[in-house]
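Here the structure is laid out as structure tokens; the discussion comes afterwards.
Values quoted throughout were computed directly from the atomic coordinates according to the rules given, and no laboratory measurement underlies them. Since this is a predicted model, take the numbers as computed values, not measurements. When we count neighbours, we look across all protein chains shown, and the Cβ atoms used for this are built from the backbone with ideal geometry, even at glycine.
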């Protein structure tokens with residue numbers, strides 16, 4: 001069996017039905033093997049390897065199988081790196097296959113700079129941002145190395161893996177003995193955690209608390225226990241707040257969902273953090289954007305219990321914990337299920353009351369240009385109950401997290417930690433191929449769109465029905481906010497007067513054969529949203545934003561975690 005055929009067969013057996021590709025001589029054999037199995041797996045051609053990398057991890061985020069990207073050697077491989085980094089920091093399992101020069105052309109162990117054309121030691125480049133990276137130089141190693149990579153991607157704290165395949169290895173013939181060589185190997189995906197003593201300590205802390213609060217981190221989402229977690233909260237009645245990465249776990253209307261925390265959080269949720277006396281942090285790393293610059297000002301009145309599948313996050317956590325528990329989230333929850341319950345009705349009532357005082361713009365929508373909160377509020381009402389929402393970066397991320405009222409079946413994600421501009425276009429492509437029947441809504445800025453503009457061609461070619469809301473504020477508004485406070489509003493390289501520029505987006509939509517809509521002020525938002533979401537095929541909707549808009553509330557520098565500005569009126 002040809003090695004490239006074996007690799008594709010491996011993908012199919014793992015439930016993978018799509019590969020995102022940018023071809024080249026060093027990967028052409030693998031793509032050809034995909035084509036030979038077209039009834040079971042398809043290849044999707046993108047215009048840049050970075051998009052392939054991001055589409056693959058978005059496919060993983062939104063489906064049940066790992067995303068795969070196939071690219072050529074040299075620049076093809078290096079163009080993957082931004083997407084790989086995003087998958088690494090967000091703990092997303094994805095499989096990256098790179099072509100490589102023939103084994104006898106490789107410079108490994110030599111003193112020469114480069115022998116083979118477009119040779120790059122990609123494994124060395126990505127070893128610190130992958131769970132496994134390996135160049136296969138012996139054909140008999142292929143079955144074992146694929147299994148090892150897949151196991152690494154999907155075990156423990158999940159993440160991306162990369163397999164580098166020299167051209168002569170791809171075309172080699174595998175014997176039946178080589179193909180069957182992995183049958184006796186046990187590829188353990190699930191580690192068992194013994195936490196009986198830690199559970200006893202936790203119960204003692206819980207029994208002493210009067211105001212318990214759960215902080216939901218991205219690890220809860222990665223555990224794929226959304227339905228169980230909702231049942232657990234319903235039974236235990238423990239109120240919850242979440243980081244951006246986990247906002248979709250509980251729907252907005254859930255009475256125990258107080259909101260999302262962060263430097264751009266909500267009054268209710270940030271306030272709950274400061275009022276609780278026991279904070280149960282599940283699968284979070286206490287990042288700066290989540291808890292602020294000074295960990296001592298976060299949950300300052302609470303004992304903290306930190307549960308994480310990664311012992312490194314417990315060892316070097318930014319927030320000191322009273323009790324650290326090394327465990328997967330499901331194991332921890334099942335061992336406390338039925339043993340904990342919040343019976344403090346006054347605590348629950350006060351949190352529910354605070355939630356009603358969060359941002360409410362129901363009476364807004366009459367201003368010149370568009371208030372982003374008004375756009376999101378109207379999309380809350382019109383979007384389908386199982387849609388996928390993808391904010392790009394900056395104000396799209398903060399505004400959607402502050403104002404979205406997610407339903408149980410909806411999903412919202414971004415490249416939370418790495419946050420590269422242009423991500424949403426690539427992610428929308430990947431999400432579509434794992435959920436072809438779902439509505440996919442993208443929010444991206446005029447600056448962000450230009451970083452992966454070329455793949456509007458992919459959207460058009462495959463007739464991917466993305467609904468792209470282009471937030472046009474004529475510049476890089478997030479950086480301008482930094483320049484407001486740090487550089488006396490000197491907007492160098494961030495607005496039209498200082499080097500920034502953008503194309504005519506209506507003409508651009510015509511060029512890529514996308515339906516085009518435009519919204520100039522708040523009064524047009526409702527009707528335009530209905531038209532956009534009701535349209536078949538891909539749509540680009542340009543929304544002219546207020547250039548002076550800044551997300552509020554925001555956490556002031558060196559303020560306690562509930563010190564959001566402007567101050568909420570009592």
Cα-derived Rg to Rh of region 32-173, Kirkwood definition
0.95
In nanometres, the difference between 0.36 nm per residue of separation and the alpha-carbon distance of residue 141 and residue 277 is 43.6 nm
Given bins 5 angstrom wide, list per bin the percent of all Cα-Cα distances in region 196-355, short to long.
2, 10, 21, 26, 23, 15, 4, 0
For region 372-554, convex hull volume per residue from C-alpha positions, Å³
116
Taking the Cα-to-Cβ direction at residue 316 and at residue 254 and moving 7 Å from each Cα, how far apart do the two end points lie in nm?
3.1
Which order do the peptides 218-229, 526-537, 273-284, 508-519 take when ranked by the mean count of other beta-carbon atoms within 10 Å per residue, highest first?
273-284, 218-229, 508-519, 526-537
Relative contact order (percent, whole number), region 372-554, Cα cutoff 8 Å, 6+ residue spacing:
23
Could you tell me the distance between the Cα centroids of region 328-353 and region 483-523, to the nearest Å?
46
For the chain, what does -39500 (n - 2.57) per DSSP helix run (n ≥ 4), summed and divided by total residues, give at 222 nm, in deg cm²/dmol to the nearest 500?
-10000 deg cm²/dmol
Grab the beta carbon distance between residue 521 and residue 408, set R0 = 35 Å, and tell me the FRET efficiency rounded to 0.05.
0.60
If you build the convex hull over the alpha carbons only and average its shadow over all orientations, what do you get for region 228-321? Give it in nm² to one decimal.
5.9
Peptides 239-247, 6-14: what's the order by average Cβ count within 10 Å, highest mean first?
239-247, 6-14
Which of these values of Kirkwood radius over Cα pairs in Å was calculated from the structure shown: [x] 25.9; [y] 25.0; [z] 28.8?
[y]
Principal axis dimensions, largest first and in whole angstrom, of region 89-162 by Cα
39, 28, 17
Counting DSSP beta bridges with both ends in the chain, the antiparallel % (nearest 5)
5
Residue 17 to residue 457: FRET efficiency via 1/(1 + (r/R0)^6), r the Cβ-Cβ distance, R0 25 Å, to the nearest 0.05?
0.65
Alpha-carbon Rg/Rh ratio, for region 1-100, with Rh computed the Kirkwood way:
0.94
Hull volume per residue for region 297-346, using the convex hull of the C-alpha atoms, in Å³ is 94
At 7 Å along Cα-to-Cβ for each site, give me the label-to-label distance between residue 210 and residue 108 in nm.
6.4
On full extension of the chain, what length is gained from residue 510 through residue 200, given 0.36 nm per residue of separation minus the C-alpha to C-alpha distance?
105.2 nm
For the ranges 340-346, 56-62, what's the packing order if you count other beta-carbon atoms within 10 Å of each residue, average per peptide, and put the highest first?
56-62, 340-346
